Amino acid sequence: MTETQFKHKVEKYLESINAWFIKYWAGPKFTKEGIPDILACIGGTFYGIELKTDAGRPTMLQIINLSKIREAGGIGVLLYPDDLVHFQAFIEKKTPLSEHWYRENVMLQRKWFEKLNK
């Protein structure tokens, strides 16, 4: 699955739950780099969602920005296609394991930080 196909899948889900969201594109020289792919407000909570393909690697700036979102009281997620079901359960608070998934996601981000910081 390409990142564009994955993005469409995530956007379709966000539309289905009536979330406000915007796809952020850091292309021109006047846009900020490292901003998560999707910025969303879901149930009154701010989400920064960085999308990656199965083989995708985040940049250090992306990991730092997800951390800053969490420090500011939001939710910063590094989302791979295999995690979409877990992300949906986390949003909908379907199971106690959904909170566990988010904690694991944060740990994954910390591992990426350590790996990229070498």
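The values are calculated or read from the model by the stated rules, or taken from the named source; none is laboratory data. Small disclaimer: the values here were computed from a predicted structure and weren't measured. Note that each Cβ is placed from the backbone with ideal geometry, even for glycine, and that neighbours are counted across all protein chains shown.
Selection of first residues in the stretch 3-31 that are assigned to a loop (DSSP other than H, G, I, E, B) and of second residues that are basic (Lys, Arg) and modelled with pLDDT under 85, restricted to Cβ pairs under 8 Å at least 6 apart or on distinct chains, gives the following pairs, ordered by first then second residue: ALA26/LYS32. In the stretch 27-45, the qualifying residues are those that are under 23 Å from VAL106 (Cβ atoms) and out of contact with any helix residue (DSSP H, G or I) (no Cβ under 7 Å at 6 or more places or on another chain), and the one that is modelled with the lowest pLDDT is LYS32.
Going by the conditions given, is GLU71 of a type in the set (Asp, Glu) and either over 24 Å from GLN5 (Cβ atoms) or in contact with a Ser or Thr (Cβ under 9 Å, 6 or more places away or on another chain) (or both)? Reasoning before the result, please.
Details: of a type in the set (Asp, Glu): yes; either over 24 Å from GLN5 (Cβ atoms) or in contact with a Ser or Thr (Cβ under 9 Å, 6 or more places away or on another chain) (or both): yes.
Considered against the rule, which asks whether it is of a type in the set (Asp, Glu) and either over 24 Å from GLN5 (Cβ atoms) or in contact with a Ser or Thr (Cβ under 9 Å, 6 or more places away or on another chain) (or both), GLU71 comes out as yes.
Of the residues making up the stretch 66-118, just one is modelled with pLDDT of 95 or more, hydroxyl-bearing (Ser, Thr, Tyr) and in contact with an Asp or Glu (Cβ under 9 Å, 6 or more places away or on another chain), namely TYR80.
So that you can scan it fast, the table gives a plain yes or no per residue for (1) part of a loop (DSSP other than H, G, I, E, B); (2) over 12 Å from the mean Cα position of the chain (by Cα); (3) touching a residue at least 12 places away in the same chain (Cβ under 8 Å):
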position: ASP54; (1), (2), (3): yes, yes, yes
position: GLN62; (1), (2), (3): no, no, yes
position: GLY76; (1), (2), (3): no, no, yes
position: ARG110; (1), (2), (3): no, yes, no
